[in-house]
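Beneath this line is the structure, given in C-alpha coordinates, with notes to follow.
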Amino acid sequence: DWSSDVCSSDLYPLDRYGERRLVVNRSDDGYVGEEEARDVLRTPVSVVGQVESSLWATGMNMGLSAENLVSLAGIFEWEIDFNTQIRPGDRFRMVIEAIEDAETGERLRLDTVLAAEYETAAGKSFVGIRYEDDDGKVGYFDAEGNSSKKMFLKSPLKFSRVSSRFGNRYHPVLKKWRAHRGTDYAAGSGTPIRAIGRGVVNFRGTKGGYGRHVRIKHNGTYSSSYSHLSKYKVSNGQVVEQGQIIGYVGSSGLATGPHLHFEFYVRGKQVDFLRQQFPRSEPIDASERVAFEAVRDGILPQLVETPWPVTAVAEAASDDTAENR
(Lines give C-alpha, C1' and ligand atoms only; values in the text may rest on other atoms or scores of the structure.)
Protein backbone atom coordinates (compact mmCIF):
# COMPACT_ATOMS: atom_id res chain seq x y z
CA ASP A 1 0.00 0.00 0.00
CA TRP A 2 1.62 3.20 -1.20
CA SER A 3 -0.92 5.59 0.33
CA SER A 4 0.78 8.36 2.24
CA ASP A 5 0.19 8.98 5.91
CA VAL A 6 0.46 12.68 5.14
CA CYS A 7 -3.02 13.94 4.40
CA SER A 8 -1.75 16.52 1.88
CA SER A 9 -0.26 14.03 -0.59
CA ASP A 10 -0.80 10.57 -2.08
CA LEU A 11 1.61 8.12 -3.74
CA TYR A 12 0.69 6.00 -6.78
CA PRO A 13 2.96 3.35 -8.40
CA LEU A 14 3.77 3.96 -12.08
CA ASP A 15 5.18 0.51 -12.89
CA ARG A 16 4.47 -3.03 -11.76
CA TYR A 17 7.39 -3.06 -9.34
CA GLY A 18 6.71 0.34 -7.81
CA GLU A 19 10.16 1.71 -8.63
CA ARG A 20 8.62 4.89 -10.02
CA ARG A 21 5.70 6.60 -8.39
CA LEU A 22 3.50 9.64 -8.80
CA VAL A 23 3.35 11.98 -5.84
CA VAL A 24 0.11 13.96 -5.85
CA ASN A 25 0.05 16.94 -3.51
CA ARG A 26 -3.22 18.55 -2.51
CA SER A 27 -3.51 22.18 -1.61
CA ASP A 28 -6.08 24.92 -1.53
CA ASP A 29 -5.26 25.62 -5.19
CA GLY A 30 -5.89 22.04 -6.38
CA TYR A 31 -3.70 19.02 -7.18
CA VAL A 32 -0.10 18.92 -8.40
CA GLY A 33 1.51 15.64 -9.54
CA GLU A 34 5.22 14.94 -9.69
CA GLU A 35 7.02 11.75 -10.68
CA GLU A 36 9.77 10.46 -8.41
CA ALA A 37 12.02 7.40 -8.32
CA ARG A 38 11.81 5.09 -5.33
CA ASP A 39 15.09 4.93 -3.42
CA VAL A 40 16.44 1.43 -4.02
CA LEU A 41 19.50 -0.70 -3.29
CA ARG A 42 21.08 -3.26 -5.64
CA THR A 43 22.28 -6.31 -3.75
CA PRO A 44 23.93 -9.41 -5.30
CA VAL A 45 21.99 -12.52 -4.24
CA SER A 46 22.38 -16.20 -5.09
CA VAL A 47 19.71 -18.23 -6.90
CA VAL A 48 19.92 -21.96 -7.61
CA GLY A 49 17.58 -24.39 -9.34
CA GLN A 50 17.29 -27.82 -10.94
CA VAL A 51 15.26 -28.56 -14.07
CA GLU A 52 12.37 -30.95 -13.52
CA SER A 53 10.25 -30.73 -16.67
CA SER A 54 11.49 -27.61 -18.45
CA LEU A 55 13.72 -24.65 -17.65
CA TRP A 56 10.77 -22.30 -18.06
CA ALA A 57 8.49 -24.21 -15.65
CA THR A 58 11.31 -24.65 -13.13
CA GLY A 59 12.18 -20.96 -13.13
CA MET A 60 8.55 -19.85 -12.84
CA ASN A 61 8.02 -22.21 -9.90
CA MET A 62 11.06 -20.62 -8.23
CA GLY A 63 9.56 -17.15 -8.63
CA LEU A 64 11.89 -16.03 -11.42
CA SER A 65 10.44 -13.69 -14.02
CA ALA A 66 10.30 -14.25 -17.76
CA GLU A 67 13.01 -11.58 -18.08
CA ASN A 68 15.28 -13.48 -15.64
CA LEU A 69 14.90 -16.73 -17.62
CA VAL A 70 15.49 -15.04 -20.97
CA SER A 71 18.64 -13.45 -19.52
CA LEU A 72 19.92 -16.82 -18.27
CA ALA A 73 19.25 -18.50 -21.61
CA GLY A 74 20.83 -15.55 -23.40
CA ILE A 75 24.17 -16.10 -21.66
CA PHE A 76 24.49 -19.71 -22.82
CA GLU A 77 22.53 -19.72 -26.10
CA TRP A 78 25.72 -20.18 -28.09
CA GLU A 79 26.52 -23.40 -26.18
CA ILE A 80 23.08 -24.87 -25.44
CA ASP A 81 20.01 -25.15 -27.65
CA PHE A 82 17.29 -24.45 -25.11
CA ASN A 83 14.74 -26.00 -27.51
CA THR A 84 16.35 -29.44 -27.82
CA GLN A 85 19.09 -29.94 -25.22
CA ILE A 86 17.40 -29.21 -21.87
CA ARG A 87 16.99 -32.34 -19.74
CA PRO A 88 15.56 -33.10 -16.29
CA GLY A 89 18.50 -33.04 -13.90
CA ASP A 90 20.15 -30.02 -15.52
CA ARG A 91 20.90 -27.41 -12.88
CA PHE A 92 21.86 -23.76 -12.75
CA ARG A 93 22.97 -21.15 -10.28
CA MET A 94 23.21 -17.40 -10.60
CA VAL A 95 24.40 -14.32 -8.79
CA ILE A 96 21.79 -11.75 -9.69
CA GLU A 97 21.07 -8.22 -8.57
CA ALA A 98 18.10 -7.91 -6.24
CA ILE A 99 16.38 -4.51 -6.37
CA GLU A 100 15.28 -3.67 -2.82
CA ASP A 101 13.55 -0.74 -1.18
CA ALA A 102 16.30 1.26 0.54
CA GLU A 103 14.10 2.09 3.51
CA THR A 104 12.15 -1.13 4.18
CA GLY A 105 14.41 -3.75 2.57
CA GLU A 106 11.43 -5.09 0.58
CA ARG A 107 12.59 -7.00 -2.51
CA LEU A 108 10.95 -5.53 -5.60
CA ARG A 109 12.44 -7.76 -8.30
CA LEU A 110 15.51 -9.59 -9.57
CA ASP A 111 17.36 -7.73 -12.31
CA THR A 112 20.82 -8.10 -13.88
CA VAL A 113 22.59 -11.48 -13.94
CA LEU A 114 26.15 -10.83 -12.71
CA ALA A 115 27.38 -14.43 -13.07
CA ALA A 116 25.82 -17.77 -13.89
CA GLU A 117 26.66 -21.43 -14.27
CA TYR A 118 24.64 -24.04 -16.16
CA GLU A 119 25.48 -27.71 -15.65
CA THR A 120 23.85 -30.37 -17.83
CA ALA A 121 22.59 -33.68 -16.46
CA ALA A 122 25.55 -35.25 -18.29
CA GLY A 123 27.96 -33.17 -16.20
CA LYS A 124 29.02 -30.56 -18.77
CA SER A 125 29.34 -27.12 -17.19
CA PHE A 126 29.32 -23.59 -18.63
CA VAL A 127 30.11 -20.36 -16.76
CA GLY A 128 29.34 -16.78 -17.74
CA ILE A 129 30.59 -13.67 -15.90
CA ARG A 130 29.18 -10.28 -16.83
CA TYR A 131 31.71 -7.62 -17.80
CA GLU A 132 31.19 -4.11 -19.16
CA ASP A 133 34.20 -2.66 -20.98
CA ASP A 134 35.40 0.94 -21.21
CA ASP A 135 33.12 1.57 -24.19
CA GLY A 136 30.05 0.41 -22.28
CA LYS A 137 29.76 -2.85 -24.22
CA VAL A 138 28.45 -5.72 -22.06
CA GLY A 139 29.41 -9.35 -22.57
CA TYR A 140 29.68 -12.63 -20.66
CA PHE A 141 32.97 -14.52 -20.33
CA ASP A 142 34.20 -17.68 -18.66
CA ALA A 143 36.76 -17.57 -15.86
CA GLU A 144 39.63 -17.52 -18.36
CA GLY A 145 38.17 -14.57 -20.25
CA ASN A 146 36.80 -16.49 -23.24
CA SER A 147 33.63 -14.99 -24.68
CA SER A 148 30.38 -16.94 -24.34
CA LYS A 149 29.53 -15.85 -27.89
CA LYS A 150 30.13 -17.92 -31.00
CA MET A 151 29.69 -17.22 -34.68
CA PHE A 152 26.12 -18.53 -34.63
CA LEU A 153 23.32 -18.91 -32.11
CA LYS A 154 22.26 -22.47 -31.35
CA SER A 155 18.68 -21.75 -32.43
CA PRO A 156 16.77 -19.08 -34.40
CA LEU A 157 13.98 -19.17 -31.76
CA LYS A 158 14.48 -18.46 -28.07
CA PHE A 159 12.01 -21.04 -26.74
CA SER A 160 10.16 -23.67 -28.81
CA ARG A 161 10.61 -27.34 -29.65
CA VAL A 162 12.02 -29.21 -32.63
CA SER A 163 9.13 -30.93 -34.40
CA SER A 164 11.10 -32.41 -37.32
CA ARG A 165 14.83 -32.95 -37.76
CA PHE A 166 17.17 -33.06 -40.74
CA GLY A 167 16.82 -36.28 -42.79
CA ASN A 168 13.85 -38.03 -44.39
CA ARG A 169 10.25 -37.72 -43.28
CA TYR A 170 6.67 -38.28 -44.36
CA HIS A 171 5.46 -34.90 -45.63
CA PRO A 172 2.13 -34.04 -43.93
CA VAL A 173 0.86 -32.00 -46.93
CA LEU A 174 2.24 -33.93 -49.91
CA LYS A 175 1.46 -37.29 -48.23
CA LYS A 176 4.70 -38.96 -49.28
CA TRP A 177 8.22 -39.62 -48.02
CA ARG A 178 10.79 -37.05 -49.08
CA ALA A 179 14.11 -35.56 -47.98
CA HIS A 180 13.84 -33.01 -45.20
CA ARG A 181 16.91 -30.80 -45.51
CA GLY A 182 16.30 -28.60 -42.51
CA THR A 183 14.98 -28.35 -38.98
CA ASP A 184 11.38 -27.54 -38.08
CA TYR A 185 10.65 -25.61 -34.90
CA ALA A 186 7.07 -25.74 -33.58
CA ALA A 187 6.02 -22.34 -32.28
CA GLY A 188 2.96 -20.15 -32.17
CA SER A 189 2.12 -17.80 -35.01
CA GLY A 190 3.85 -14.47 -34.46
CA THR A 191 6.82 -15.88 -32.51
CA PRO A 192 9.89 -13.70 -33.29
CA ILE A 193 12.57 -15.30 -35.50
CA ARG A 194 16.20 -14.30 -34.99
CA ALA A 195 19.10 -14.23 -37.43
CA ILE A 196 21.55 -16.82 -36.12
CA GLY A 197 24.50 -14.68 -37.17
CA ARG A 198 25.53 -11.42 -38.80
CA GLY A 199 25.02 -11.28 -42.55
CA VAL A 200 23.25 -9.82 -45.56
CA VAL A 201 19.69 -10.64 -46.62
CA ASN A 202 20.11 -11.95 -50.16
CA PHE A 203 16.51 -13.13 -50.59
CA ARG A 204 13.27 -11.91 -49.07
CA GLY A 205 10.04 -12.96 -50.73
CA THR A 206 7.70 -15.83 -51.54
CA LYS A 207 9.38 -19.04 -52.70
CA GLY A 208 7.05 -21.91 -53.65
CA GLY A 209 6.37 -24.37 -50.84
CA TYR A 210 8.63 -22.37 -48.52
CA GLY A 211 6.04 -19.58 -48.46
CA ARG A 212 7.40 -16.31 -47.12
CA HIS A 213 11.12 -16.95 -47.09
CA VAL A 214 14.28 -15.12 -45.95
CA ARG A 215 17.80 -16.22 -46.80
CA ILE A 216 20.89 -14.68 -45.20
CA LYS A 217 24.47 -14.93 -46.47
CA HIS A 218 26.79 -14.84 -43.46
CA ASN A 219 30.09 -15.06 -45.35
CA GLY A 220 31.62 -16.93 -48.27
CA THR A 221 31.02 -20.29 -46.53
CA TYR A 222 27.81 -20.10 -44.50
CA SER A 223 24.19 -19.16 -45.25
CA SER A 224 20.88 -19.75 -43.47
CA SER A 225 17.21 -19.58 -44.46
CA TYR A 226 13.90 -19.14 -42.64
CA SER A 227 10.56 -20.24 -44.14
CA HIS A 228 6.76 -20.21 -43.66
CA LEU A 229 6.91 -16.72 -42.15
CA SER A 230 3.77 -14.77 -41.35
CA LYS A 231 5.48 -11.41 -41.67
CA TYR A 232 8.90 -9.99 -42.59
CA LYS A 233 10.95 -7.51 -40.63
CA VAL A 234 13.85 -7.15 -43.08
CA SER A 235 14.34 -6.14 -46.70
CA ASN A 236 16.55 -7.40 -49.53
CA GLY A 237 20.16 -6.28 -49.20
CA GLN A 238 19.82 -5.35 -45.54
CA VAL A 239 22.71 -6.07 -43.16
CA VAL A 240 21.43 -7.88 -40.06
CA GLU A 241 23.15 -8.53 -36.75
CA GLN A 242 23.21 -11.75 -34.77
CA GLY A 243 19.99 -12.08 -32.78
CA GLN A 244 18.14 -9.42 -34.78
CA ILE A 245 14.45 -10.14 -35.43
CA ILE A 246 14.02 -10.86 -39.15
CA GLY A 247 10.37 -11.96 -39.17
CA TYR A 248 7.69 -13.93 -37.39
CA VAL A 249 6.55 -17.56 -37.38
CA GLY A 250 3.60 -18.36 -39.64
CA SER A 251 2.17 -21.07 -41.90
CA SER A 252 2.66 -19.67 -45.39
CA GLY A 253 3.51 -22.10 -48.22
CA LEU A 254 3.18 -25.87 -47.76
CA ALA A 255 2.57 -25.92 -44.01
CA THR A 256 -0.18 -27.59 -41.99
CA GLY A 257 0.24 -25.17 -39.11
CA PRO A 258 2.50 -22.42 -37.76
CA HIS A 259 6.16 -23.40 -37.49
CA LEU A 260 9.61 -22.31 -38.67
CA HIS A 261 11.42 -24.36 -41.30
CA PHE A 262 15.11 -23.50 -40.88
CA GLU A 263 17.94 -24.52 -43.22
CA PHE A 264 21.68 -24.08 -42.91
CA TYR A 265 24.12 -24.17 -45.83
CA VAL A 266 27.85 -24.80 -46.01
CA ARG A 267 29.23 -23.72 -49.40
CA GLY A 268 25.70 -23.87 -50.79
CA LYS A 269 24.91 -27.38 -49.53
CA GLN A 270 22.22 -28.02 -46.93
CA VAL A 271 23.64 -29.61 -43.75
CA ASP A 272 22.26 -30.60 -40.34
CA PHE A 273 22.61 -27.42 -38.29
CA LEU A 274 22.12 -29.22 -34.98
CA ARG A 275 25.35 -31.18 -35.58
CA GLN A 276 27.57 -28.21 -36.41
CA GLN A 277 30.31 -26.82 -34.16
CA PHE A 278 31.52 -23.24 -34.48
CA PRO A 279 34.46 -21.26 -33.08
CA ARG A 280 34.10 -18.79 -30.22
CA SER A 281 34.33 -15.05 -30.63
CA GLU A 282 37.53 -13.31 -29.59
CA PRO A 283 38.48 -13.52 -25.87
CA ILE A 284 38.55 -10.45 -23.68
CA ASP A 285 40.86 -7.76 -25.03
CA ALA A 286 44.31 -7.57 -23.44
CA SER A 287 43.67 -3.95 -22.45
CA GLU A 288 40.62 -5.07 -20.44
CA ARG A 289 42.20 -8.14 -18.82
CA VAL A 290 43.13 -6.60 -15.44
CA ALA A 291 39.74 -4.93 -15.02
CA PHE A 292 37.93 -8.13 -16.03
CA GLU A 293 39.90 -10.22 -13.53
CA ALA A 294 38.98 -7.79 -10.75
CA VAL A 295 35.28 -8.20 -11.61
CA ARG A 296 35.69 -11.97 -11.86
CA ASP A 297 37.50 -12.29 -8.54
CA GLY A 298 34.80 -10.23 -6.86
CA ILE A 299 31.78 -12.23 -8.05
CA LEU A 300 32.97 -15.77 -8.87
CA PRO A 301 33.44 -16.90 -5.23
CA GLN A 302 29.79 -16.11 -4.46
CA LEU A 303 28.72 -18.16 -7.49
CA VAL A 304 30.81 -21.27 -6.86
CA GLU A 305 30.14 -21.25 -3.12
CA THR A 306 26.38 -21.40 -3.73
CA PRO A 307 25.50 -25.06 -3.00
CA TRP A 308 23.75 -27.07 -5.70
CA PRO A 309 20.29 -28.48 -4.95
CA VAL A 310 20.28 -31.92 -3.33
CA THR A 311 19.10 -34.33 -6.02
CA ALA A 312 16.77 -37.26 -5.44
CA VAL A 313 19.67 -39.61 -6.17
CA ALA A 314 21.85 -37.89 -3.58
CA GLU A 315 19.04 -38.00 -1.01
CA ALA A 316 18.54 -41.73 -1.62
CA ALA A 317 22.26 -42.37 -1.23
CA SER A 318 22.27 -40.37 2.00
CA ASP A 319 19.31 -42.39 3.33
CA ASP A 320 21.04 -45.66 2.46
CA THR A 321 24.19 -44.54 4.27
CA ALA A 322 22.17 -43.63 7.36
CA GLU A 323 20.35 -46.97 7.38
CA ASN A 324 23.63 -48.92 7.11
CA ARG A 325 25.33 -47.19 10.01
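The values are calculated or read from the model by the stated rules, or taken from the named source; none is laboratory data. In this text the structure is predicted, and so the values were computed from the model without any measurement. Glycine also receives a Cβ, built like all others from the backbone with ideal geometry; neighbour counts cover every protein chain displayed. Note: accessible area is taken over every heavy atom of the protein model, side chains too, but ligands, DNA and RNA are not part of it. Shrake-Rupley method; radii C 1.70, N 1.55, O 1.52, S 1.80 Å.
Looking at region 255-305 only, could you name the residues that are under 29 Å from ILE96 (Cβ atoms), touching a strand residue (DSSP E or B) at 6+ places or on another chain (Cβ under 9 Å), hydrophobic (A, V, I, L, M, F, W, C) and open to solvent by 30 Å² or more (accessible area, probe 1.4 Å)?
Of everything in region 255-305, those that are under 29 Å from ILE96 (Cβ atoms), touching a strand residue (DSSP E or B) at 6+ places or on another chain (Cβ under 9 Å), hydrophobic (A, V, I, L, M, F, W, C) and open to solvent by 30 Å² or more (accessible area, probe 1.4 Å) turn out to be ALA291, VAL295, LEU300, VAL304.
Report yes if ASN68 is among the polar types (S, T, N, Q), surrounded by 19 or more Cβ atoms within 10 Å (Cβ to Cβ) and part of a loop (DSSP other than H, G, I, E, B), otherwise no.
no
Looking only at region 101-133, count every residue that is out of contact with any Phe, Trp or Tyr (no Cβ under 7 Å at 6 or more places or on another chain), within 30 Å of GLU36 (Cα to Cα) and not β-branched (Val, Ile, Thr) and tell me the total.
The qualifying residues number 10.
Identify all residues within region 216-241 that are open to solvent by less than 60 Å² (accessible area, probe 1.4 Å) and not in a loop (DSSP other than H, G, I, E, B); write none if there are none.
The answer is ILE216, TYR222, SER223, SER224, SER225, TYR226, SER227, HIS228, LEU229, SER230, TYR232, VAL240.
May I ask you to say which residue of ALA314, ALA294 is among the aliphatic types (A, V, I, L, M) and at pLDDT 85 or above?
Being among the aliphatic types (A, V, I, L, M) and at pLDDT 85 or above holds for just one of ALA314, ALA294, which is ALA294.
Can you name the condition, by its number, that GLY63 falls short on among (1) on the phi > 0 side of the Ramachandran plot; (2) in contact (Cβ under 8 Å) with a residue 24 or more places away in the chain; (3) of a type outside the set (Lys, Arg)?
The single condition GLY63 does not satisfy is (2).
For region 215-256, what are the residues that are closer than 17 Å to GLY182 by Cα, without any contact (Cβ under 8 Å) to a residue 40 or more places away in the chain and more than 23 Å from the chain's Cα centre (by Cα)?
Scanning region 215-256 gives ARG215, LYS217, HIS228.
Name the pairs: first residue in region 83-101 and within 14 Å of SER125 (Cβ to Cβ) and in a strand (DSSP E or B), second residue modelled with pLDDT of 95 or more and acidic (Asp, Glu), Cβ to Cβ under 7 Å, at least 6 apart or on different chains?
Here the result reads ARG91/GLU119; PHE92/GLU117; ARG93/GLU117, each pair linking region 83-101 to a residue that is modelled with pLDDT of 95 or more and acidic (Asp, Glu).
Restricting to strands (runs of 3 or more DSSP E) lying wholly in region 170-215: which have 2 or more residues that are modelled with pLDDT of 90 or more and either open to solvent by less than 50 Å² (accessible area, probe 1.4 Å) or farther than 15 Å from SER252 by Cβ (or both)?
Of the strands (runs of 3 or more DSSP E) lying wholly inside region 170-215, those with at least 2 residues that are modelled with pLDDT of 90 or more and either open to solvent by less than 50 Å² (accessible area, probe 1.4 Å) or farther than 15 Å from SER252 by Cβ (or both) span 183-186, 192-194, 199-206.
Provide a single number: the residues in region 71-95 that are open to solvent by 10 Å² or more (accessible area, probe 1.4 Å), closer than 15 Å to ARG161 by Cα and of a type in the set (Asp, Glu).
The number of residues fulfilling the criteria is 1.
Starting from residues that are within 32 Å of the chain's Cα centre (by Cα) and more than 14 Å from ALA102 (Cα to Cα), keep the ones in region 18-40 and report whichever is surrounded by the most Cβ atoms within 10 Å (Cβ to Cβ).
Only one residue tops the list, namely ARG21.
Any idea how many residues of region 99-134 are within 15 Å of LEU69 (Cα to Cα) and buried (at least 20 other Cβ atoms within 10 Å of the Cβ)?
Total meeting the criteria: 7.
Would you confirm whether or not region 155-162 contains a residue that is among the aliphatic types (A, V, I, L, M) and at pLDDT below 90?
So far as region 155-162 goes, yes, one or more of its residues are among the aliphatic types (A, V, I, L, M) and at pLDDT below 90.
Which pairs do you get when a residue that is closer than 16 Å to GLU79 by Cβ, found in region 128-139, comes within reach of a residue that is surrounded by 14 or more Cβ atoms within 10 Å (Cβ to Cβ) and modelled with pLDDT under 90, reach meaning Cβ atoms under 7 angstrom, with the pair 6+ apart or on two chains?
From region 128-139, no pairs qualify.
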